[in-house]
1. Relative contact order of the stretch 219-347, please, whole-number percent, based on alpha carbon pairs below 8 angstrom and at least 6 residues apart.
2. How large is the helix-only mean residue ellipticity at 222 nm for the chain, computed as the sum of -39500 (n - 2.57) over DSSP H runs with n ≥ 4, divided by its residue count, in deg cm²/dmol to the nearest 500?
3. Could you provide, to the nearest whole Å², the per residue accessible area of the chain with probe 1.4 Å?
4. Of 318, 84, 153, which has the largest mean-square fluctuation in a 10 Å C-alpha GNM of the chain?
5. How would you rank 26-37, 209-220, highest first, on the average number of other Cβ atoms within 10 Å across their residues?
6. Remind me, relative contact order of the stretch 154-297 in percent, using alpha carbon pairs under 8 angstrom and six or more residues apart?
7. Report relative contact order for the chain in percent, whole number only (criteria: Cα-Cα under 8 Å, sequence separation at least 6).
8. Using alpha carbon centroids, what distance separates the stretch 128-175 and the stretch 224-238, in Å?
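The values are calculated or read from the model by the stated rules, or taken from the named source; none is laboratory data. Not measured: the values here are computed from a predicted model. Cβ placement follows ideal geometry from the backbone for every residue including glycine, while neighbour counts extend to all protein chains displayed. Just the protein is used for accessible areas: all its heavy atoms, side chains included, with ligands, DNA and RNA removed. Shrake-Rupley method; radii C 1.70, N 1.55, O 1.52, S 1.80 Å.
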Amino acid sequence: MSITMIGLDTAKSVFQVHAVDGTGKALIRRKLSRTELIPFLQKQEACTVVMEACGAAHHWARLLTSLGHHVKLIAPEAVRPFVKKGKKNDAADAAALCEAGSRPDMKFVPMKTAEQQAILALHSARSLLIKQQTMLVNAMRGLATEFGLTVPKGISRLGELTTLVEADEAFPETARGVFTELHEQCDSLAEGIDTIETKIVAHARSDETARRLATIPGIGPITASLIAATVADISVFKSARHFAAWLGLVPRQYSTGGKTRLGRITKTGNREIRRLLVLGATSMVYRAEQWNSVAGSWTRGVLQRRPVRLVTVALANKMARIAWALMTREEVYQAKGRIAATAEVAA
């Protein structure tokens with residue numbers, strides 16, 4: 001019989017191939033170099049190629065699709081249960097990919113375009129620069145504290161700390177030079193962050209999906225751009241709850257014997273989207289008293305019964321569900337409970 005499915009375990013230089021026929025019988029088990037992979041797949045008749053949705057997977061998916069193959073990407077955590085116990089190697093991983101890809105209830109990751117990955121690269125760079133900026137600011141605060149100089153929390157207070165250091169004559173010159181060097185590095189990072197955010201905002205204004213998402217209270221252009229670039233096909237999620245669960249914003253279940261026990265949120269899925277949604281929800285919670293809508297009324301009611309942190313996560317969950325609805329129906333957010341002008345997608 002001919003090959004119907006290929007499990008492809010990818011790496012930087014070595015690729016493991018596990019090919020099966022329609023009955024699941026293994027026909028080929030081979031290890032290929034990077035230069036051998038494409039010629040090998042070009043010789044094969046069109047079939048299904050299954051890979052893990054890891055680094056460079058979308059690149060290979062686009063390339064193999066251009067060769068006529070049907071590519072399926074699976075999240076790594078979904079493949080892990082199919083790896084034979086005690087046989088964790090490239091060959092076992094490739095065989096597990098065929099097993100996982102043949103399951104009728106398996107969920108697959110949509111292939112991203114090169115343009116989507118380019119936008120995601122901007123978001124990744126922004127997150128990295130912000131982490132580096134935070135590290136530098138903490139280092140500057142720690143250095144100043146060693147000589148008795150402190151200011152309240154917040155990166156906006158960095159100017160006050162710099163003024164204190166410059167005005168303190170007892171501050172050692174060597175330490176002052178280190179502080180100045182760190183400050184210059186921090187300013188350089190701030191300029192880089194501003195440049196990247198300008199490009200992200202430009203994408204949010206040009207992308208139709210991102211413009212719809214930006215109409216949701218608590219979701220700004222950066223969050224809207226990230227969701228639009230990450231979620232290639234919203235139809236993958238059957239309901240709003242499935243989308244919120246993918247983002248890790250639903251409670252973990254410990255249920256047995258007909259008794260339902262709910263714990264903390266799962267925190268699975270895309271960490272950056274979840275973080276931005278929680279930050280946006282936090283800003284809306286602090287403005288709940290001025291939020292004149294049904295959602296604002298709901299937020300104020302929950303705040304009377306639950307802690308603030310729990311309310312922010314619950315509101316982030318609601319924002320994710322609203323985002324799913326807008327992307328599915330191709331609509332913009334319409335505030336309920338007050339007289340509002342008809343929302344339009346901004347050009």
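1. That works out to 25 percent.
2. Values: 13 runs with 183 residues, N = 347.
Dividing the helical sum by the residues of the chain leaves -17000 deg cm²/dmol.
3. The answer is 57 Å² per residue.
4. 153
5. Values: 26-37: 12.9, 209-220: 22.2.
For the peptides 26-37, 209-220, the packing ranking is 209-220, 26-37.
6. Averaging sequence separation for qualifying contacts and normalising by length gives 14 percent for the stretch 154-297.
7. 12 percent
8. Measuring centre to centre over Cα atoms gives 40 Å.
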